[in-house]
Amino acid sequence: MKQNILTPVAVLRAISLLLVTTFLVGCQGFFDGKNQVSFTIEQESPVLNFLERTPGGSDHGNQLFFTAKLKDHQGNNGTLNGHLTTLRPADSLTVDAHELRYGQLVFLFDDYQLIVNGGTHYRLDQLNMEVDRPQTRAVLGGTGAYSGIRGQVTTIHNQDGSYSHTFELL
C-alpha cells in the first residue's frame, strides 16, 4: 500500500503561503484608504491656565494648559487634556497679528484615547481659537478600538464657546 506523505518542506511552504495570503487579504482593507472613519466629538468650553514665560505679551515658550468635558459620537462622556506652546510670536513683519502655537491633545474616554499633535494659529489678543476658523491637526494614534489609527482632526470654536472636533481616520 502506497502512502501519500508530503515532505516537511512542502508542508512548511503551504503553511507559509496560507499565512502570507491571510495577512495580505486582512490588511488590504485597512491600508487601502477606503475604510475612512469620520465622526465628531463635541467639547464644552475649556478651563484655561496660562503660564507666561515673560509677563506682558506674546513670547516663545508661553504655555496654555486646558481641560474640558467631551461627548463622543456614541454619547460617551470623556475629557480633553492638552497644552499649547507658543513657538513663533507675531512680530512687526506679521500683518495678520497671529502667533503659532504647537499643541498636544489627548481625547480620553473610558474605552479609548485619541492622540493629537500639531500647530495652529491664534490671534495675539486671544487665549482661545478664533470663532468659526477651522484648524486642522494630525491624529498620531489611539488606543482601544482606535489602536494603530492615523488621520486628522479639524477643530472649530463655536459661537457659544464650545468646540467641535471632526475626526477623519484611516
message = Looking at region 111-127, can you tell me whether even one residue there is more than 20 Å from Gln63 (Cβ to Cβ), open to solvent by 50 Å² or more (accessible area, probe 1.4 Å) and either of a type in the set (Lys, Arg) or modelled with pLDDT of 95 or more (or both)?
response = yes
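Can you pull out every residue in region 19-51 that is among the polar types (S, T, N, Q) and at pLDDT 65 or above?
Asn35, Gln36, Ser38, Thr40, Gln43, Ser45, Asn49
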ask   = What pairs can you find where one residue is in region 64-89 and over 30 Å from Leu124 (Cβ atoms) and assigned to a strand (DSSP E or B), the other is of a type in the set (A, V, I, L, M, F, W, C) and open to solvent by less than 30 Å² (accessible area, probe 1.4 Å), and their Cβ atoms are less than 8 Å apart, with a gap of 6+ or different chains?
value = Lys71/Ile41; Asn77/Leu70; Asn77/Phe109; Gly78/Ile41; Gly78/Leu70; Gly78/Phe107; Gly78/Phe109
ask   = How many residues, within region 131-163, are open to solvent by 20 Å² or more (accessible area, probe 1.4 Å), among the hydroxyl-bearing types (Ser, Thr, Tyr), within 13 Å of Leu114 (Cβ to Cβ) and not in a loop (DSSP other than H, G, I, E, B)?
value = 1
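Could you list, in sequence order, the residues of region 82-105 that are loosely packed, with under 15 Cβ neighbours inside 10 Å and either modelled with pLDDT of 95 or more or of a type in the set (Val, Ile, Thr) (or both)?
Applying the first criterion (loosely packed, with under 15 Cβ neighbours inside 10 Å) to region 82-105 yields 87, 91-97.
Once the filter is applied, which keeps residues that are loosely packed, with under 15 Cβ neighbours inside 10 Å and either modelled with pLDDT of 95 or more or of a type in the set (Val, Ile, Thr) (or both), region 82-105 yields Thr94, Val95.
Would you please name the residue that is modelled with the lowest pLDDT, looking only at residues in region 59-69 that are open to solvent by less than 50 Å² (accessible area, probe 1.4 Å) and touching a strand residue (DSSP E or B) at 6+ places or on another chain (Cβ under 6 Å)? Step through it out loud before you land on a result.
To start, the set of residues in region 59-69 that are open to solvent by less than 50 Å² (accessible area, probe 1.4 Å) comprises 59, 61-64, 66, 68.
Still in the list and also touching a strand residue (DSSP E or B) at 6+ places or on another chain (Cβ under 6 Å): 62-64, 66, 68.
Values: Asn62: 85, Gln63: 89, Leu64: 89, Phe66: 96, Ala68: 98.
In this case the residue turns out to be Asn62.
The values are calculated or read from the model by the stated rules, or taken from the named source; none is laboratory data. Worth saying up front: this structure is predicted, and the values here are computed from it rather than measured. Cβ coordinates were reconstructed from backbone atoms using ideal geometry, including for glycine residues, and neighbour counts include every protein chain displayed. To get the accessible areas, we keep the full protein, side chains included, count just its heavy atoms, and leave off ligands, DNA and RNA. Shrake-Rupley method; radii C 1.70, N 1.55, O 1.52, S 1.80 Å.
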